[in-house]
Amino acid sequence: MKTLKQALLISLMAIVVGVSVNFVRSDGLPVFFSEYTNTADGEDTGQAEQISIEQGRAILKIGQSLFLDLQSADAFSKVHIPGAINFPAEEIYGQLANIELQIPKDTEIVLYGVDKEDSAPMEVASLIEMLGYRNIKIMAEGWAGWEEKKI
């Protein structure tokens with residue numbers, strides 16, 4: 001029991017020190033998610049650009065971008081955009097290191113979720129933007145919009 005208390009105390013101290021250092025640093029990470037706005041006007045604000053299904057199809061056709069499907073693994077196994085990689089939003093924190101190690105920072109990343117009500121693409125965009133990725137697009141209508149506008 002003594003070891004458990006010591007571990008909890010050390011963990012608590014580490015959190016307090018980490019948050020304190022982050023607070024006083026001029027380049028500290030944001031503690032809360034920020035809302036993303038559309039940057040289609042070409043201004044580079046470092047925020048994800050929301051794109052339409054048609055724009056997503058055009059980007060996919062070019063074949064230079066990475067499409068990340070944020071649906072659960074079960075949903076992905078049933079339906080997804082051809083060529084997309086499954087990256088379940090509920091597993092995001094465990095996968096951040098993999099993203100940083102495997103995906104170059106200048107890669108165009110297109111995120112999509114289940115439908116337009118799904119907030120996962122904005123949350124994931126915020127997290128990977130903190131890792132230094134700047135070419136992030138959100139297909140807000142998600143898989144449902146893709147399927148609805150199928151040609």
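Please treat every number below as a calculation from the coordinates, not as lab data. In this text, all values refer to a predicted model and were calculated from it rather than measured experimentally.
Radius of gyration over Kirkwood radius for segment 33-148, both on Cα atoms: the Rg/Rh ratio is 0.92. Extension gain, ALA14 to ARG134: 0.36 nm times the residue separation minus the Cα-Cα distance gives 40.2 nm.
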